[in-house]
1. Quick one: plug the Kirkwood hydrodynamic radius of the chain (C-alpha pairs) into Stokes-Einstein at 25 °C, 0.890 mPa s, and report D in µm²/s.
2. Provide Asp129, Asp105 in ascending order of the number of other Cβ atoms located within 10 Å of each residue's Cβ, fewest first.
3. Taking the simple approach of a point 7 Å from Cα along Cα-to-Cβ for both Leu50 and Asp129, what is their distance in nm?
4. Evaluate the relative contact order of the chain (contact order divided by residue number), counting alpha-carbon pairs under 8 angstrom at least 6 apart; express in whole percent.
5. I need the fraction of alpha carbon pairs in segment 1-71 separated by more than 18 Å, rounded to a whole percent.
6. Tell me, which longest segment in the chain has none of the trypsin sites (Lys or Arg not before Pro) that fall in DSSP loops with at most 15 further Cβ atoms within 10 Å?
7. Which of the pairs Lys46/Lys95; Lys95/Lys132; Lys15/Lys46; Lys14/Lys116 have their Cα atoms more than 19 Å apart in this structure?
8. Please report how far the C-alpha centroid of segment 51-103 lies from that of segment 105-141, rounded to the nearest whole angstrom.
Amino acid sequence: MKIVLLQDVHGLGKKYDTVTVADGFALNNLIPKKQAEYATDSVVLKYAKLKEAEGEHRRVKEEEVVKNLDTIVSKVYEIKAKANEQGHLFAALHKDQIADLVNVDAHFIVMDKVIKEVGEHEVTLKVKDIEKVVKINVLAE
């Protein structure tokens with residue numbers, strides 16, 4: 001069965017891709033969870049336009065980040081989080097929280113693992129082929 005993915009599905013495809021999957025997988029898993037939609041001609045055309053618009057928006061965001069990259073990298077960002085006496089955080093810091101702190105989209109942030117301890121950490125910011133390191137200082141609340 002041909003379907004259009006409405007979000008990224010690991011091992012299957014990216015958002016707005018048209019893919020072919022087993023009927024049972026589509027009908028019992030993807031479509032009920034609103035992760036996909038039947039790939040009729042009108043649906044494919046609709047999501048192709050959305051994919052193109054989203055791609056243009058992403059290119060504009062990339063250009064903006066590239067233009068401001070030196071300013072972003074030159075700062076040391078601080079964030080406060082709840083931690084115990086040993087400096088272990090009660091809740092880990094994920095790439096979404098770091099992206100909000102640095103004021104960029106989360107897909108530009110590259111992290112091997114989440115931040116779980118107080119202290120200074122380095123997070124990679126990857127835009128196009130440019131990789132820069134951003135310093136994040138985690139403070140205990």
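Every number in this text was worked out from the coordinates using simple rules, so none of it is lab data. These numbers were taken from a predicted model, which means no experiment stands behind them. Positions of Cβ are backbone-derived with ideal geometry, glycine not excepted, and every protein chain shown enters the neighbour counts.
1. On the way: Rh = 17.7 Å.
Estimated diffusion coefficient is 139 µm²/s.
2. Values: Asp129 5, Asp105 16.
Ranked by crowding around the Cβ, least crowded first: Asp129, Asp105.
3. 3.3
4. On the way: 205 pairs, mean separation 26.7, N = 141.
RCO, the chain: 19 percent.
5. 46
6. Numbers: sites that count: Lys14, Lys15, Lys33, Lys34, Lys75, Lys82, Lys113, Lys128.
With trypsin sites (Lys or Arg not before Pro) excluded where exposed in loops, the chain gives 35-74 as its longest stretch.
7. On the way: Lys46/Lys95 31 Å; Lys95/Lys132 15 Å; Lys15/Lys46 13 Å; Lys14/Lys116 29 Å.
Distance filter (> 19 Å) returns Lys46/Lys95; Lys14/Lys116.
8. 7
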